[in-house]
1. Add -39500 (n - 2.57) for each DSSP H run of 4 or more in the chain, then divide by its residues: what number comes out at 222 nm, to the nearest 500 deg cm²/dmol?
2. How much length would be gained if the chain were fully extended between Val98 and Glu126, taking 0.36 nm per residue of separation minus their Cα-Cα distance, in nm to one decimal?
3. Set the Förster distance to 45 Å, then compute FRET efficiency between Asp259 and Arg82 from the Cβ-Cβ distance, nearest 0.05.
4. So if we plug the beta-carbon distance of Asp228 and Arg105 into 1/(1 + (r/R0)^6) with R0 = 25 Å, what FRET efficiency do we get, rounded to 0.05?
5. Under 17 Å from the 7 Å Cα→Cβ point of Ile289, by amide nitrogen: which residues of region 258-275?
6. Specify the angular offset, from 0 to 90 degrees and rounded to the nearest 10, of the alpha carbon long axis of helix 260-272 from the longest principal axis of the alpha carbons in the chain.
7. Quick one: plug the Kirkwood hydrodynamic radius of region 31-154 (C-alpha pairs) into Stokes-Einstein at 10 °C, 1.306 mPa s, and report D in µm²/s.
8. With N set to the residue count of region 149-250, report its C-alpha Rg divided by 2.2 N^0.38 Å to two decimal places.
Amino acid sequence: MARPVKKAVFPVAGLGTRSLPATKSIPKEMLTVVDKPVIQYAVEEAREAGIEEFIFVTSRGKTAMEDHFDQHPELYATLERRGKEKELAASKGAELAVSQLTTVRQPEPLGLGHAVWCARHIVGDEPFAVLLPDEVFKAEPSLLAQMVQAYGKVGGNLIAVREVEPALTARYGILDVDSDDGTLASVKGLVEKPKPEVAPSNLSIVGRYILQPEVFAILDRKETGAGDEIQLTDAMAKLIGRQPFHGMRFSGDRYDCGDKAGFVAANVAFALDRDDLAGKVREALSGLI
Ligand code: G1P
């Protein structure tokens with residue numbers, strides 16, 4: 001039986017250069033899609049999947065995220081006094097208990113693999129999830145919950161995947177696939193950001209992972225790859241053959257909120273999903289387009 005996944009790592013140390021100037025003084029993960037910061041979507045996705053310990057790999061200037069998931073007694077008291085129950089519930093809904101949130105710093109931007117490696121002593125010797133909060137998913141059940149369900153059957157390492165336009169492979173980690181039943185693909189290789197001419201497929205890694213702790217020993221070697229960074233994709237590739245390794249297609253929509261157009265699209269899509277906003281937003285959009 002596959003060991004349960006109870007811990008999740010959120011690499012949130014990046015500078016957010018793709019979102020400047022918005023991210024000059026606030027973390028990119030605090031940009032809001034409608035009324036919730038991007039990081040909260042990832043935390044809620046993980047919580048729905050049964051995650052109990054949330055590990056943020058942060059860096060300088062990123063403490064707004066810890067504040068966001070903390071209690072806020074002055075705010076709560078004011079909202080209570082004013083009878084603002086909905087707002088109070090929304091604010092408390094963003095809390096993580098002290099025992100649930102751990103932060104660790106990534107002192108230098110040496111790559112995604114290095115960021116994950118920085119959490120090794122907190123993860124310890126158990127399987128864990130990695131969620132890249134830039135990628136926001138509208139999915140039911142949540143994407144990580146879908147993955148945990150599939151992981152219960154196949155165990156090992158499991159990454160969420162989606163087909164991308166063949167011309168765009170150089171933006172993603174790409175799978176080399178062995179057998180494929182249309183949902184689960186057995187992986188025989190992984191390449192980080194290959195040019196279309198050399199990409200083994202157009203099946204891309206979308207930023208959700210369930211990994212076995214053996215990946216840390218590989219990351220320990222600090223080998224660099226694409227962009228001269230320590231790549232998680234390269235470390236994962238070395239687990240293939242030693243442990244089961246699958247890619248999982250999923251149902252739901254994906255928004256790259258690190259990209260300005262993707263961020264705007266996410267705002268529109270999530271607003272159109274809300275009973276209190278859909279009508280007004282639709283009207284405003286039809287006036288524009
Ligand atoms: C990272 C991963 C890449 C993955 C992508 C998904 O790249 O290295 O394999 O496809 O996230 O968003 P980044 O976007 O950080 O360059």
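1. One gets -8500 deg cm²/dmol as the mean residue ellipticity at 222 nm.
2. Details: separation 28, 0.36 × 28 = 10.08 nm, distance 2.12 nm.
Net length gain for the segment: 8.0 nm.
3. Working: r = 38 Å, r/R0 = 0.85.
Using R0 = 45 Å, I get an efficiency of 0.75.
4. For R0 = 25 Å, the calculated efficiency reads 0.70.
5. The answer is 261-274.
6. 60 degrees
7. Details: Rh = 16.2 Å.
Reported coefficient: 98 µm²/s.
8. Taking N as the residue count of region 149-250, the ratio is 1.01.
The numbers here are math on the coordinates, done by the rules we state, and not lab data. Just so it is clear, the structure is predicted and the values come from calculations on it, not from any experiment. Positions of Cβ are generated from backbone atoms using ideal geometry, with glycine treated the same way; all protein chains shown enter the neighbour counts.
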